[in-house]
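Chemist: Dumping the structure here so I can ask a few things about it.
The values are calculated or read from the model by the stated rules, or taken from the named source; none is laboratory data. Every value quoted in this text rests on a predicted model; they were computed, and no experiment measured them. Cβ placement follows ideal geometry from the backbone for every residue including glycine, while neighbour counts extend to all protein chains displayed.
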Amino acid sequence: DAKTTQPPSMDCAEGRAANLPCNHSTISGNEYVYWYRQIHSQGPQYIIHGLKNNETNEMASLIITEDRKSSTLILPHATLRDTAVYYCIVRVASAGGTSYGKLTFGQGTILTVHP
Amino acid sequence: DTAVSQTPKYLVTQMGNDKSIKCEQNLGHDTMYWYKQDSKKFLKIMFSYNNKELIINETVPNRFSPKSPDKAHLNLHINSLELGDSAVYFCASTQGVTGELFFGEGSRLTVL
């Protein structure tokens with residue numbers, strides 16, 4: 001799976017949009033971009049994923065550049081409860097082989113939302 | 001209802017002991033995983049089972065033995081515990097290969 005690069009930490013004011021960048025310049029055509037987050041002392045939580053089109057769900061929006069070498073996770077109105085480590089992961093979404101559903105987590109971005 | 005539940009949440013034990021962590025998911029998923037998160041917060045996959053069959057076995061000491069009695073359960077047994085085994089162990093499940101994993105709350109193992 002392609003490697004990702006994320007800033008180690010970011011701050012955001014409560015109520016403002018949080019824009020978390022991720023660089024995945026070596027991504028392959030069949031690799032998806034996934035975002036997870038881990039709130040302190042909890043298990044990781046799936047947020048969103050996409051291949052090349054922008055995606056939106058009730059939690060966030062995912063913007064993927066046209067060349068797919070980078071993406072941005074947007075939390076439109078950050079709250080204090082969004083303080084967490086955010087992981088950007090790229091993986092092949094296909095069955096078989098030793099990568100079956102495997103997610104490789106990096107160090108992520110520590111997002112701190114302050115009042 | 002907790003979708004992916006692990007027991008125990010906390011486990012403190014002595015070096016050399018054998019211990020087990022249990023995981024159950026009520027989501028009807030066919031694939032389950034064990035991940036380990038060490039003191040530096042790196043989250044690494046250890047094992048994956050699909051319909052009770054082992055499909056991912058990362059480079060893990062053979063003191064670690066997963067067992068899946070049915071597709072809703074994946075237990076982790078650890079023999080001869082070492083100090084370096086201290087970590088938080090997360091169980092997860094998914095249906096197929098969507099990449100949308102559901103994680104449990106973790107089991108914090110402390111080896112003294």
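Chemist: Considering only residues that are assigned to a loop (DSSP other than H, G, I, E, B) and within 21 Å of B:P8 (Cβ to Cβ), which ones fall in segment B:28-40?
Modeler: B:D38, B:S39
Chemist: Let me ask something else. Out of segment A:83-107, which residues are modelled with pLDDT under 95, of a type outside the set (A, V, I, L, M, F, W, C) and surrounded by 14 or more Cβ atoms within 10 Å (Cβ to Cβ)?
Modeler: Of everything in segment A:83-107, those that are modelled with pLDDT under 95, of a type outside the set (A, V, I, L, M, F, W, C) and surrounded by 14 or more Cβ atoms within 10 Å (Cβ to Cβ) turn out to be A:R91, A:S99, A:Y100, A:G101, A:K102, A:T104, A:G106, A:Q107.
Chemist: Now for a separate question. Restricting attention to segment A:40-60, report how many residues are within 12 Å of chain B (Cβ to nearest Cβ), buried (at least 19 other Cβ atoms within 10 Å of the Cβ) and outside any strand (DSSP E or B).
Modeler: 2
Chemist: I've got another one for you. Sort out which residues of segment A:61-82 are surrounded by fewer than 16 Cβ atoms within 10 Å (Cβ to Cβ) and in a loop (DSSP other than H, G, I, E, B), and write them in order of number.
Modeler: Correct list: A:T65, A:E66, A:D67, A:K69, A:P76, A:H77, A:T79.
Chemist: Among the residues of segment B:20-33, are any exposed (fewer than 13 other Cβ atoms within 10 Å of the Cβ), free of Cβ contacts under 8 Å to residues at least 40 places away in the same chain and over 11 Å from the mean Cα position of the chain (by Cα)?
Modeler: No, segment B:20-33 contains no residue that is exposed (fewer than 13 other Cβ atoms within 10 Å of the Cβ), free of Cβ contacts under 8 Å to residues at least 40 places away in the same chain and over 11 Å from the mean Cα position of the chain (by Cα).
Chemist: Looking only at segment B:46-60, count how many residues are loosely packed, with under 13 Cβ neighbours inside 10 Å and either under 22 Å from B:N17 (Cα atoms) or touching a helix residue (DSSP H, G or I) at 6+ places or on another chain (Cβ under 9 Å) (or both).
Modeler: The number of residues fulfilling the criteria is 1.
Chemist: Filter segment B:16-40 down to residues that are under 26 Å from A:I39 (Cα atoms) and of a type in the set (S, T, N, Q) and give me whichever is nearest to the other protein chains (Cβ to nearest Cβ).
Modeler: In this case the residue turns out to be B:T31.
Chemist: I'm trying to understand the selection: among the residues of segment B:61-86, which are touching a strand residue (DSSP E or B) at 6+ places or on another chain (Cβ under 7 Å) and either within 30 Å of A:N30 (Cβ to Cβ) or surrounded by 20 or more Cβ atoms within 10 Å (Cβ to Cβ) (or both)? Spell out how you get there, then give the answer.
Modeler: We begin by selecting, within segment B:61-86, every residue touching a strand residue (DSSP E or B) at 6+ places or on another chain (Cβ under 7 Å); these are B:63-68, B:72-78, B:81-83, B:85-86.
B:P66, B:S68, B:L74, B:L76, B:I78, B:L81, B:D85, listed by residue number.
Chemist: Do we have any residue at all in segment A:93-105 that's in a strand (DSSP E or B) and either over 20 Å from B:E100 (Cα atoms) or within 14 Å of chain B (Cβ to nearest Cβ) (or both)?
Modeler: Looking only at segment A:93-105, we keep the residues that are in a strand (DSSP E or B), and these are none.
Looking through segment A:93-105, none of the residues is in a strand (DSSP E or B) and either over 20 Å from B:E100 (Cα atoms) or within 14 Å of chain B (Cβ to nearest Cβ) (or both).
Chemist: Looking only at segment B:81-103, count how many residues are within 10 Å of B:H29 (Cβ to Cβ), assigned to a loop (DSSP other than H, G, I, E, B) and within 15 Å of the chain's Cα centre (by Cα).
Modeler: Of the residues in that region, 1 qualify.
Chemist: Pull up segment B:41-66, narrow it to residues that are more than 9 Å from chain A (Cβ to nearest Cβ) and assigned to a loop (DSSP other than H, G, I, E, B), then point me to the one that is farthest from B:D85 (Cα to Cα).
Modeler: Within segment B:41-66, the match that is farthest from B:D85 (Cα to Cα) is B:N51.
Chemist: Residue check: is B:T13 touching a strand residue (DSSP E or B) at 6+ places or on another chain (Cβ under 6 Å), among the polar types (S, T, N, Q) and more than 14 Å from every other protein chain (Cβ to nearest Cβ)?
Modeler: Considered against the rule, which asks whether it is touching a strand residue (DSSP E or B) at 6+ places or on another chain (Cβ under 6 Å), among the polar types (S, T, N, Q) and more than 14 Å from every other protein chain (Cβ to nearest Cβ), B:T13 comes out as yes.
Chemist: Here is a further query. So which residues in segment A:5-32 are within 14 Å of another protein chain (Cβ to nearest Cβ) and either within 28 Å of B:S107 (Cα to Cα) or loosely packed, with under 15 Cβ neighbours inside 10 Å (or both)?
Modeler: Matches in segment A:5-32: A:Q6, A:P8, A:S9, A:N30.
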